[in-house]
Ligand SMILES: [Zn+2]
């Protein structure tokens, strides 16, 4: 990445209302068949245009072609039964009806590769593609086959690696793995979660990222955050392991969170996507607020390693709020670029 302080989003952005009703998760498609395929491509074009118009440097797909960051990927795999679902507690926090692993899991064909090729053709800017991480996938379904989280995570890691290699070949510059589960199951992260993630990036030569956050701005997550006290030190449990890993970039929740900035010191040397936009409020940050968060991070991240970003995905927000937040991110980053004479 040549430009210093390149801005990006974590991933999801609101979809146009003609494609899926906005401001909710698992929003159902309004189109079907060929119209749906065409609609998703149009949404990708709009999302790209809005990111570029807001001054975003690393373009993501805005997750316009998927209903949900985990389940859409799982839907494309064999060995998973989506009809006879079970209710589980996701990240020990909220109940959800999830698919069941009934047989050996495998990927019969690529999941997002055609979408990535489409986006690649539309822009010269670097593009980033998000995939769910193995541990978060395991936490978002019921396993009735492997009966071992570790074994299932390893199988998912192999599948993710196949997809990631094809995304890389399609011209994706950064592949990001979303692992919100890393912020909850520390012992398992250190035991096998990180190893599974490293298996997922094996042999890749594009840049790789892991996104670890406190979740979308939905009620269950916001209620959980209230129980975490005045200092959120979850990252401290897993950063030493991440620091030693082969991952290039770590994406973190920082703005309006109670994460002590000095914890970032524990991943010194990694590139850090610093969340300078709160996705749990409709209030649009001022440029100065964004700049303040970035300034605090600069005490612990070298300027060439700092990637201004959002705390998490913005799918549950309105389009106008999301657009406002993207512009604030760019404007706040510009303040820092000027200050540093970049
Ligand atoms: Zn997130």
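Please treat every number below as a calculation from the coordinates, not as lab data. All values reported here derive from a predicted model rather than from experimental measurement. Here the Cβ positions follow ideal geometry from the backbone for every residue, glycine too, while neighbour counts run over all protein chains shown.
Over the stretch 84-167, what is the mean sequence separation of C-alpha contacts under 8 Å (at least six apart), divided by residue count, expressed as relative contact order in percent?
38 percent
Hey, rough spin-label estimate for residue 34 and residue 246, points 7 angstrom out along Cα→Cβ, what's it come to in nanometres?
4.3 nm
Normalised by the number of residues in the chain, what is the relative contact order in percent for Cα pairs under 8 Å and 6+ residues apart?
About 20 percent, as a whole number.
Within the stretch 146-163, find all residues whose amide N lies under 18 Å from a label point positioned 7 Å from the Cα of residue 187 along Cα-to-beta-carbon.
148-151
Using 0.36 nm per residue, how much length does the chain from residue 92 to residue 18 gain when fully extended, once their Cα-Cα distance is taken away?
Extra length from residue 92 to residue 18 when fully extended: 23.2 nm.
Order 99-107, 253-261 from most to least packed using the mean count of other Cβ atoms within 10 Å.
Per-residue Cβ counts within 10 Å, averaged per peptide and sorted highest first, yield 253-261, 99-107.
Pull out the extension gain between residue 299 and residue 114, defined as 0.36 nm times the separation in residues minus the alpha carbon to alpha carbon distance; nm, one decimal.
62.6 nm
Round to the nearest 0.05 the FRET efficiency obtained for residue 219 and residue 121 when R0 = 41 Å and r is the Cβ-Cβ distance.
0.55
Given the options 87, 123, 227, which has the most mean-square fluctuation in a GNM of the chain, springs set between C-alpha atoms less than 10 angstrom apart?
With Cα springs under 10 Å in the chain, the top fluctuation among 87, 123, 227 is at 227.
I'd like the distance separating the alpha-carbon centroids of the stretch 233-303 and the stretch 198-232, in whole Å.
11 Å
Could I get the Rg over Rh figure for the stretch 102-203? Both from C-alpha atoms, Rh via Kirkwood, rounded to two places.
So for the stretch 102-203, dividing Rg by the Kirkwood Rh gives 1.01.
Between residue 198 and residue 237, how high is the FRET efficiency from 1/(1 + (r/R0)^6) when r is the Cβ-Cβ distance and R₀ = 22 Å? Nearest 0.05.
Here the calculated transfer efficiency is 0.80.
Under 8 Å for C-alpha pairs, at least 6 residues apart: give me the relative contact order for the stretch 185-298, rounded to a whole percent.
28 percent
Compute the length gained on full extension between residue 320 and residue 340: take 0.36 nm times their separation in residues and subtract their Cα-Cα distance, giving the result in nm to one decimal.
Answer, rounded to one decimal: 4.1 nm.
Taking every DSSP beta bridge that has both residues in the stretch 33-340, what percent is antiparallel when rounded to the nearest 5?
Looking only at bridges with both residues in the stretch 33-340, the antiparallel portion is about 25 percent.
What's the long-distance tail for the chain, i.e. % of Cα pairs beyond 33 Å?
20 percent
Sorted by mean Cβ packing within 10 Å, highest first, what order do the peptides 47-60, 204-217 take?
Taking the mean over residues of other Cβ atoms within 10 Å, the ranking is 204-217, 47-60.
In the Gaussian network model of the chain, springs joining C-alpha atoms below 10 Å, which of 144, 161, 183 carries the largest mean-square fluctuation?
For the chain, modelled as a Gaussian network with Cα springs under 10 Å, the answer is 144.
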